[in-house]
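Asks: Here's a structure for you.
Quick note: the coordinates plus some simple rules give every number you see, no bench work behind them. Not measured: the values here are computed from a predicted model. Heads up, the Cβs are rebuilt from the backbone with ideal geometry, glycines too, and the neighbour counts pull from every protein chain shown.
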Amino acid sequence: MSKGFKTILLAPVPVVMVMLLLCGCQKQAEIDFGTVNNSVYQNKYFGLSMTFPQDWSIQNLDEQRRLEAAGGQALYGDDPNKKAVLIASELRIVNMFAVFKHAVGSPVPSNPNLISMAENVRGFPEVKTGADYLNHVKQQLASGQLEVSFPKDVYDGQLGGKDFAVLEAFMTVGGKTVRQKFYSSVMKGYALCFILSFNTDDEEASLQKILDTTTFKQASRTD
């Protein structure tokens, strides 16, 4: 099964963020990308709502895809086999949102960011929980060309009253260490993930404050 998993690393300068991809079934038609109105993100499929700071930069879908492509290059380089897998994955991943403190490319020393994605895991019955998902992610991060370390094992957390698994990672890029935190929970056949990228404790706190606005309600759609 491990050969079916892959990871995309997104590398907008100077902060790195990682997108996690699993080779699952094709994307189900009923899931939606979600919408942002007045800095509030809503996704009907998951019954999810989250509020962003009004002065943060929200990426559109085309910008998210460009970041995803850059990330794949950063993590796997010119490996043709892995590149082919990443291209095929575009039909199986739902990029929900990407939000940065500053516009991507701004001349700032650090640009903390939060992204969310959902991966169809219906084809992997052994992936039942967010911890299952993140343990595979951990393996794939370690197999890339970048130096990655993990300060602790996957542990339990909560967002919006729901159980999530959490993975922390330190990634060295160009001699600089980037800190990341991944939240994942399997819901309605998808691994729903939130990925935080930051350099300092204050940046982590600002991202965590956004996550703390997360709420879930009964979705209008069912499996």
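Asks: List the pairs from 101/128; 188/217; 128/162 whose alpha-carbon separation is above 23 Å, in the order I gave them. Write down the numbers at each step before the final one.
Replies: On the way: 101/128 33 Å; 188/217 13 Å; 128/162 15 Å.
The answer is 101/128.
Asks: At 0.36 nm per residue, and after removing the present C-alpha to C-alpha distance, how many nm does the segment from residue 108 to residue 39 gain when stretched out fully? Display every interim value, and only then the final one.
Replies: Working: separation 69, 0.36 × 69 = 24.84 nm, distance 2.27 nm.
My answer for the length gained is 22.6 nm.
Asks: Let me ask something else. When the Karplus curve 6.51 cos²θ - 1.76 cosθ + 1.60 is applied with θ = phi - 60°, which whole-Hz ³J(HN,Hα) does each residue of segment 42-48 get, with x for Gly and Pro?
Replies: Those phi angles translate into 9, 10, 5, 4, 8, x, 9 Hz.
Asks: Sorting 94, 108 on the 10 Å Cβ count, fewest up front, what's the list? Spell out each step's value before the answer.
Replies: On the way: 94 19, 108 14.
Fewest to most other Cβ atoms nearby, the residues stand as 108, 94.
Asks: State, to one decimal in nm, how far the label point of residue 147 lies from the label point of residue 172, with both points 7 Å from Cα in the Cβ direction.
Replies: 0.1
Asks: Multiply the residue gap between residue 126 and residue 200 by 0.36 nm, knock off their C-alpha separation, and tell me the result in nm, one decimal place. Present the calculation step by step, with values, prior to reporting the outcome.
Replies: Numbers: separation 74, 0.36 × 74 = 26.64 nm, distance 3.54 nm.
Full extension from residue 126 to residue 200 adds 23.1 nm.
Asks: Applying a 10 Å radius around every beta-carbon, put 184-194, 153-163 in order of their mean neighbour count, most first. Intermediate results must be reported in sequence, preceding the final value.
Replies: Details: 184-194: 22.9, 153-163: 14.4.
Result, highest mean Cβ count within 10 Å first: 184-194, 153-163.
Asks: Multiplying the sequence separation of residue 208 and residue 49 by 0.36 nm and subtracting their Cα-Cα distance, what value in nm do you get? Before the final figure, lay out the partial values.
Replies: Numbers: separation 159, 0.36 × 159 = 57.24 nm, distance 1.49 nm.
Going from the current span to full extension adds 55.8 nm.
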